[in-house]
Amino acid sequence: MVKKNEELYRLENITRVIEGEVEAIILRGISFKVNTHEFISIIGPSGSGKSSLLYMLGLLDMPSSGDFYFRGESMVGLTRLELAQIRLETLGFIFQFHFLLPELRGIENIRLPMERLGKLNVTQMKDRVDKVLESLGLTKDAYKYPHQLSGGQRQRVAIARALINEPMVILADEPTGSLDTENGDKVFKIFQDLVKNEGKTIIMVTHNPELAIQTDRQINIVDGHIRGE
Amino acid sequence: MNVLLKLSFSHLMGRPRQTVVSIAGVAVGVGFFIAMAALMQGFQAYFVQKIIDITPHIMVKDEFRTPPLQPLQTLFPNAALDLKGLKPKDEKRGIRNHARIHQSLKKLKEASVTKGLEGEAFLNFGSKTMGVALSGIDPEAEKKVSTLDKDIFKGKLDNLLVKKNGIIIGIGVSEKLGLKMNDTVTVVSSEGVILRMKIVGIFSTGLTTQDNRTTYVQLKKAQILLRRQNVINNLRLRIENVDDAEIVARQIENQFGYRTESWQESNVNVLSIFKVQNLVTYSTIIAILIVSSLGIFNIISTIVFEKSRDIAILKSIGFFEEDIKKIFLVEGFLVGIIGSILGWGLGYSLCLALEQVPISVKDGAFIRIEGFYLLYTLWHYSIGAIVSITSAVLAAYLPARKAAYLKPVDIIRGAA
């Protein structure tokens, strides 16, 4: 388990400008830190830049200027391959929509990151999958295809896929946005468990103030600035 | 099964109609290539076989490749020489010292040799006259050097030994002059000698030039007709390994000086046509394969477009660009290999079907054939498959590359 209260992310004066016919400034000078074992929600109106920030934390996007440290190392200037390797080993993504590959069974979707990483042998992989399936109550439905699952089950399969490589950080973009209240609460409960019992760090973008208020920290983003915490 | 492979499969299965069309495109390309190549090269092989069977592999002629040097030139090899009013010596044609050359050629391993005298003559029969090539041969040795004996369908070669004034004609000559077996024909040589000879054999080789022009008589008779006692003007050889003909021909020419032609050299005009033919065959196939590659490019581009969200997900998980590329290259490969295998079947069936087609080319054609001759060789099947699989993978490369460099953020943002 990862040690508590160590610095995980450090962002200093981050900006993100998308160049094109019309220059769009998405992030204007953002600075903050994230420590391990934190459950953070990023809130703010649509188009404020909160998703962009999340993708940057997920190493899918890089800042136009500013310093960006992850686990004490600068991420600026790393190759796409290096970033992909870090994503594979330390990050788990959960999106608003489940985004499962429709051609693969639930269990195959879950196994994808693990097979790509290729660090475990067959038995270890099976144990890991069984454990994750059980913890998320998916054992029975693991072999179904996504279209055979309910919305809540799909999102739990997506969570299982995000967890399978035992990442330090879970990045969630409106994870409950497409779910009803009951399933949304279930997912949120899982998140709280992950932070409390497994020492994960979760950064979640949400529109839902009721959920946000239950997290450790809320970062409010308006117009590409941090309005407050 | 590897997950990436499963993705490749299911992408193709997800678009069955387009996939089938793409595969069919490759199959047709490969199939037609196999059939066309079998047809073309089958015919060529048949033709070459005919040449090898009928004409000598190597022929020593009573000519020289370059005119003999003037004595002055041998004396001053580096001098600039301008000779005017030079009168060529009226030399007696024919291979000199042929008995000695014949003896030494007989000693060649895996080779048979015969000597002959060729000239021009006219055949008169009734009111018809026809110019022919008169070929004086030694019937016994001839059997070892050409397939003439087998090509004679009326009478036989040995008749020349029995009937001293016998003549063997081709089916073309027989038809044109209306000559039948045992008819007596008047032979007028270019030297003006007239002999009445009896038809003792009619042959049919399939090579029109041969069947319409050549007549065979005993060497002795030819020497009488052409007024050249004890003279021969060709030595013909048949060797075991026909591909060596050129090498052996050069050795003989170097040794004795007389112009010596291998069958390849004598038929260089036809053989060069074959090269052009092959070029046409291959370009047609390349054209068909380009069309089928466009089909593959199309389907894989469509899949990439359709599956861009999945690609984004895979990349956000941490899959490498190379992994993504692989998915789509494998799709191209699958279409290529399935198409090739079906194309093998199609090509083989086309060959079998072509074999059943009765065609008959007789009069006036270069060669007489009945039906198509097809060459079955694994080469065609391998070339077809290798070329089509390679082009399928190449066609998949562009969309695969595009997929690999998609930016996940753009797509996830668009989808959400």
Exercise for the section: Might you check whether a residue that is open to solvent by 70 Å² or more (accessible area, probe 1.4 Å), more than 11 Å from chain B (Cβ to nearest Cβ), in contact with a helix residue (DSSP H, G or I) (Cβ under 8 Å, 6 or more places away or on another chain) and under 30 Å from residue A:177 (Cβ atoms) occurs anywhere in the stretch A:70-85? Expected result: yes
Handout entry: Hits in the stretch A:87-99 - residues which are modelled with pLDDT of 85 or more, buried (at least 18 other Cβ atoms within 10 Å of the Cβ) and within 8 Å of chain B (Cβ to nearest Cβ)
Key = A:87, A:88, A:91, A:93
Exercise for the section: Hey, can you tell me all the residues within the stretch B:35-66 that are aliphatic (A, V, I, L, M), under 14 Å from the mean Cα position of the chain (by Cα) and open to solvent by less than 10 Å² (accessible area, probe 1.4 Å)? Expected result: B:37, B:38, B:51
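Residue-wise test of (1) of a type in the set (Asp, Glu); (2) within 14 Å of chain B (Cβ to nearest Cβ).
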site	(1), (2)
A:140	no, no
A:158	no, yes
A:170	no, yes
A:174	yes, yes
A:178	no, yes
A:191	no, no
A:197	no, no
Exercise for the section: Considering only the stretch A:14-30, state which residues are modelled with pLDDT of 85 or more and exposed (fewer than 14 other Cβ atoms within 10 Å of the Cβ). Expected result: none
Problem - Members of the stretch B:230-265 that are part of a helix (DSSP H, G or I) and of a type in the set (Asp, Glu) - result: B:243, B:244, B:246, B:253, B:265
Problem - Enumeration of residues in the stretch A:209-225 that are among the β-branched types (Val, Ile, Thr) and open to solvent by 50 Å² or more (accessible area, probe 1.4 Å) - result: A:213
Practice task
Kindly indicate the residue of the stretch A:28-81 that is touching a Leu at 6+ places or on another chain (Cβ under 7 Å) and among the aliphatic types (A, V, I, L, M) and also nearest to residue A:12 (Cα to Cα) among those meeting that condition.
Solution key: A:30
Practice task
Evaluate the stretch B:336-353: report whether one residue or more is more than 18 Å from residue B:400 (Cα to Cα) and surrounded by fewer than 13 Cβ atoms within 10 Å (Cβ to Cβ).
Solution key: yes
Completion exercise
Taking the stretch A:190-209 and keeping residues of a type outside the set (Phe, Trp, Tyr), part of a helix (DSSP H, G or I) and under 20 Å from residue A:229 (Cβ atoms) leaves A:192, A:195, A:209
Problem - Counted residues, the stretch B:12-26 - those being part of a helix (DSSP H, G or I) and of a type in the set (Lys, Arg) - result: 1
Practice task
Give just the number: which of (1) within 23 Å of residue B:397 (Cα to Cα); (2) out of contact with any Phe, Trp or Tyr (no Cβ under 8 Å at 6 or more places or on another chain) does residue B:288 not satisfy?
Solution key: (2)
Handout entry: Failed item, numbered, when residue B:125 is tested on (1) without any contact (Cβ under 8 Å) to a residue 24 or more places away in the chain; (2) assigned by TED's automatic domain parsing to the domain that holds residue B:183; (3) of a type outside the set (S, T, N, Q)
Key = (1)
Handout entry: Residue list for the stretch B:1-48, filter: in contact with a His (Cβ under 8 Å, 6 or more places away or on another chain) and closer than 17 Å to residue B:335 by Cβ
Key = B:33
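The values are calculated or read from the model by the stated rules, or taken from the named source; none is laboratory data. Nothing here was measured: the structure is a model prediction, and the numbers come from that model. Neighbour counts are summed over all protein chains in view; Cβ atoms, including those assigned to glycine, are modelled from backbone coordinates with ideal geometry. Note: accessible area is taken over every heavy atom of the protein model, side chains too, but ligands, DNA and RNA are not part of it. Shrake-Rupley method; radii C 1.70, N 1.55, O 1.52, S 1.80 Å.
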